[in-house]
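Here, each number is a calculation from the coordinates, and none is a lab measurement. This structure is a prediction, so every number in the text was calculated from the model and none was measured. Methodologically, a virtual Cβ is constructed for each residue, glycine included, from the backbone with ideal geometry; neighbour enumeration extends over all protein chains shown.
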C-alpha cells in the first residue's frame with residue numbers, strides 16, 4: 001500500500017468484491033467465451049469501437065487542419081487515461097474501470113469541439129430537445145455501435161454505463177426518469193469521480209502547450225498571470241539555468257501537472273478519511289463528491305481556467321473558427337431537416353422511433369471535422 005492508505009485502506013471504498021459483481025451486470029447475456037473479464041472486456045470494446053477511432057478526427061481546441069501537433073480529441077483522451085491511471089493506482093481504485101471510463105469519457109463529443117456541441121444544442125432546442133455529450137455517449141455505446149447478432153450496442157457493464165453519464169455531473173431523476181437505473185440519487189463511485197478531474201488536469205496542461213505552439217499565448221504572459229505556472233517555471237529555471245525558454249516551459253508544464261495530480265490524490269484520500277467512508281455505499285451516500293482538489297489548488301485551477309477562457313478560448317482567432325463551425329453545423333442540420341432523403345439509407349426506422357430532429361443530431365454528432373465539411377459542401381451544392 002502507498003503511504004496515503006497505510007493507516008486507512010481506501011480500497012474498501014472502491015468498486016471491488018460484491019460491489020464489483022453488481023456493477024459488472026450487462027443487459028444481455030454473453031454465451032461465448034471471451035478473452036478478458038469484466039471491465040477489461042469493456043475497455044477492449046471501447047478501443048475497438050468506430051466512435052472511439054473517430055475521435056482522431058475531432059477538434060480538441062484547434063482543428064487538425066492547422067497543425068499535426070495540436071491535440072485531437074483522441075490524443076487528449078490518451079493523456080486523460082495516463083493521469084487517471086496514476087490516480088487510480090495511488091488510491092487503490094479499480095484500475096480497469098478507471099481506464100475504461102477515461103477512454104470513453106469524450107466519445108459523445110460532436111465535431112468542432114464545444115462550438116459544435118453548442119450549435120447542435122441550439123438546433124435541438126428549437127424542437128424542444130437538448131444535446132448533451134454524456135447522454136449521447138450512452139446512446140453510442142447502447143445503440144449506435146452495432147456489431148453483435150443478438151443486440152444493438154456494445155453491451156457494456158452497468159458500472160461503465162453509469163460512469164459515462166455521471167463522471168462529470170449529476171442528473172436529477174425528476175428531469176431524467178429514463179436514467180433512473182443509474183442510481184441518480186446517489187454519488188458515482190470514486191472511479192467515475194476522478195475522471196472529471198483527470199480530464200481537467202489533462203486539458204489545463206495541454207491547452208497551454210497548444211496555445212503557445214499556436215502563437216496565441218505567450219510564455220511570459222502565462223507565468224505572470226497563472227500562479228501555479230509561474231511558480232513551476234521559476235523552479236525549472238533554478239534547476240536548468242541557461243537553456244532555452246522552450247525547455248523551461250515544457251518542464252514547467254510537467255511540474256504543474258504533477259502538482260495537480262498529487263493534490264487530487266492526497267485531497268481525495270484525506271476526504272475519504274475525514275468523512276470516515278469505509279465502503280462504496282458510503283461514497284454513494286455522501287452528500288457531495290469526494291474526489292476534489294484542495295481549496296488552494298482549486299483556486300489556482302480556477303485562475304488558470306479563467307485565463308484560458310479570456311486569452312485563448314474566446315480570442316478573436318478561435319472565435320472566428322467557432323463561428324464558422326457553428327454555421328456549418330447549423331446549416332447542415334437545417335438541410336437534413338428539410339431534405340431527410342439525403343440521410344444515409346436505413347435511417348427511416350430511426351426517425352420513426354426517435355423523430356427526425358434527434359436522428360439528424362445523432363448523425364451530425366458522429367461526424368469528424370473533415371467529414372462534416374465534406375457533407376456541408378455536398379449539401380451546399382445540392383441546394384443550388
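A few points about this structure:
- Alpha-carbon centroid distance for the pair the stretch 82-128 / the stretch 133-173, whole angstrom: 12 Å
- Inter-centroid distance (Cα atoms) of the stretch 325-384 relative to the stretch 217-284, Å: 42 Å
- Protection proxy ranking, highest mean first, for peptides 44-52, 349-357: 44-52, 349-357, where packing is the per-residue count of other beta-carbon atoms within 10 Å, averaged.
- Stokes-Einstein D for the stretch 246-310, Kirkwood Rh over Cα pairs, 10 °C, 1.306 mPa s (µm²/s): 117 µm²/s
- Here the calculated FRET efficiency for residue 235 and residue 209, from their Cβ-Cβ distance with R0 = 25 Å, stands at 0.90, rounded to the nearest 0.05.
- Put simply, when 97-108, 292-303 are sorted by average Cβ atoms within 10 angstrom per residue, most first, you get 97-108, 292-303.
- Peptides 82-91, 275-284 ranked from most to least packed, by the mean per-residue count of other Cβ atoms within 10 Å: 82-91, 275-284.
- Residues 10, 184, ranked from the fewest to the most other C-beta atoms within 10 Å, line up as 184, 10.
- Calculated mean residue ellipticity at 222 nm for the chain: -19000 deg cm²/dmol, from DSSP H runs with n ≥ 4 weighted as -39500 (n - 2.57), summed, divided by the residue count and rounded to 500.
- Rounded FRET efficiency, nearest 0.05, which uses the C-beta distance separating residue 384 from residue 286 and R0 of 45 Å: 0.15
- Distance histogram in 20 Å bins (all Cα pairs of the chain, percent per bin): 26, 56, 18, 0
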